[in-house]
Amino acid sequence: MSKLHLVMGGRVKNPQTLEFDDLGAIDVVGVFPDYTSAEKAWRGAAQRTVDDAEMRYVIVHLHRLLEPELPKMQ
């Protein structure tokens, strides 16, 4: 199975947390087959909003959710 990674982001209620303000406005950047390409997409999205402290982008390790018994490697 591919090590799928989701890159997404949006406005958070508090810059210290990952509680998104409006789930309907989540920006789904994409799903990527490896961590390297996901990180590149994450950096691009985060850089576009670097001046907005309430915008957060994250990488979600989908493969860990789908098969949690796999060893934790990127």
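The residue pairs whose first member lies in segment 1-29 and is under 25 Å from Glu67 (Cβ atoms), whose second member is among the basic types (Lys, Arg) and surrounded by 13 or more Cβ atoms within 10 Å (Cβ to Cβ), and whose beta carbons are closer than 9 Å, counting only pairs six or more residues apart or on different chains, are Lys3/Arg64; Gly9/Arg56; Leu18/Arg56. Within segment 1-28, being modelled with pLDDT of 90 or more, surrounded by 15 or more Cβ atoms within 10 Å (Cβ to Cβ) and either in contact with a Leu (Cβ under 9 Å, 6 or more places away or on another chain) or in a loop (DSSP other than H, G, I, E, B) (or both) holds for Leu4, His5, Leu6, Gly10, Val12.
Name every residue in segment 29-48 that is open to solvent by less than 90 Å² (accessible area, probe 1.4 Å) and either within 17 Å of Leu4 (Cβ to Cβ) or at pLDDT below 90 (or both), in order of residue number.
Start the filter on segment 29-48 by keeping residues that are open to solvent by less than 90 Å² (accessible area, probe 1.4 Å), which leaves 29-35, 37-39, 41-42, 44-46.
Scanning segment 29-48 gives Val29, Gly30, Val31, Phe32, Pro33, Asp34, Tyr35, Ser37, Ala38, Glu39, Ala41, Trp42.
The values are calculated or read from the model by the stated rules, or taken from the named source; none is laboratory data. Please read these numbers as outputs of a predicted model, since none were measured by experiment. Don't worry about glycine lacking a Cβ; one is built from the backbone with ideal geometry, like all the others, and counts go over all protein chains shown. Note: areas computed on protein heavy atoms with side chains; ligands, DNA, RNA excluded. Shrake-Rupley method; radii C 1.70, N 1.55, O 1.52, S 1.80 Å.
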